[in-house]
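Participant: I'd like to ask you about the structure that follows.
The values are calculated or read from the model by the stated rules, or taken from the named source; none is laboratory data. The shown structure was predicted, so the numbers you read here are calculated from the model rather than taken from an experiment. Positions of Cβ are generated from backbone atoms using ideal geometry, with glycine treated the same way; all protein chains shown enter the neighbour counts. Remember, those area values only see protein heavy atoms, side chains included, never the ligands or the DNA or RNA. Shrake-Rupley method; radii C 1.70, N 1.55, O 1.52, S 1.80 Å.
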Amino acid sequence: MSTVNKKKLLRKAAFESGLSVKDVEKAVDAFLCAVSDILREDGEVIIPDFGKFYVYRRGERVCRNPQTGEKFIAPPMKKVKFKAFGNVINYTLKYGR
C-alpha cells in the first residue's frame, strides 16, 4: 500500500484525463472548497458509486491525561468523516479506463 500526496494525485488525474496539471489542480481545489463550504453548513456530500462526506458531532466526554492521570472534560466537537460505499474499489471499472 502506498501513500499518495496531492502532487502525485494531480499528476495521475492529469494523465488519466488528458488535461494539464494546472487545470486539474484548479478543478481539485474548486472541488475541495465546495465540499468544505457544504460541510461547514452541516450538509453532506454524496458522490454516487464512491462515498459520502459528512459532519459527525461528538459530545463532551471525560478524558485522562496519561502523564499526570488528571481527568478533564473534553468539549463537544464536530469532525468530518468519509464513508466509502461498498463498490468504491469498482469505481475504475465503471468510470475509468
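Participant: Going residue by residue through the range 25-37, is there one that turns out to be assigned to a strand (DSSP E or B) and open to solvent by 90 Å² or more (accessible area, probe 1.4 Å)?
Facilitator: No, the conditions are met nowhere in the range 25-37.
Participant: On to the next question. Hey, can you tell me all the residues within the range 38-57 that are under 13 Å from residue 78 (Cβ atoms), of a type in the set (D, E, K, R) and not in a helix (DSSP H, G or I)?
Facilitator: 41, 42, 44, 57
Participant: Quick check on residue 13: is it aliphatic (A, V, I, L, M), assigned to a helix (DSSP H, G or I) and modelled with pLDDT under 95? First the steps, then the outcome.
Facilitator: On the way: aliphatic (A, V, I, L, M): yes; assigned to a helix (DSSP H, G or I): yes; modelled with pLDDT under 95: yes.
Considered against the rule, which asks whether it is aliphatic (A, V, I, L, M), assigned to a helix (DSSP H, G or I) and modelled with pLDDT under 95, residue 13 comes out as yes.
Participant: Okay, moving on. Taking residue 87 and the conditions (1) surrounded by 12 or more Cβ atoms within 10 Å (Cβ to Cβ); (2) within 13 Å of the chain's Cα centre (by Cα), which numbered condition does it fall short on, given that it satisfies the others?
Facilitator: (2)
Participant: Next question. Can you name every residue in the range 58-74 that is part of a loop (DSSP other than H, G, I, E, B) and surrounded by 10 or more Cβ atoms within 10 Å (Cβ to Cβ)?
Facilitator: First pass over the range 58-74, keeping only residues part of a loop (DSSP other than H, G, I, E, B): 59-60, 65-70.
The answer is 60, and nothing else.
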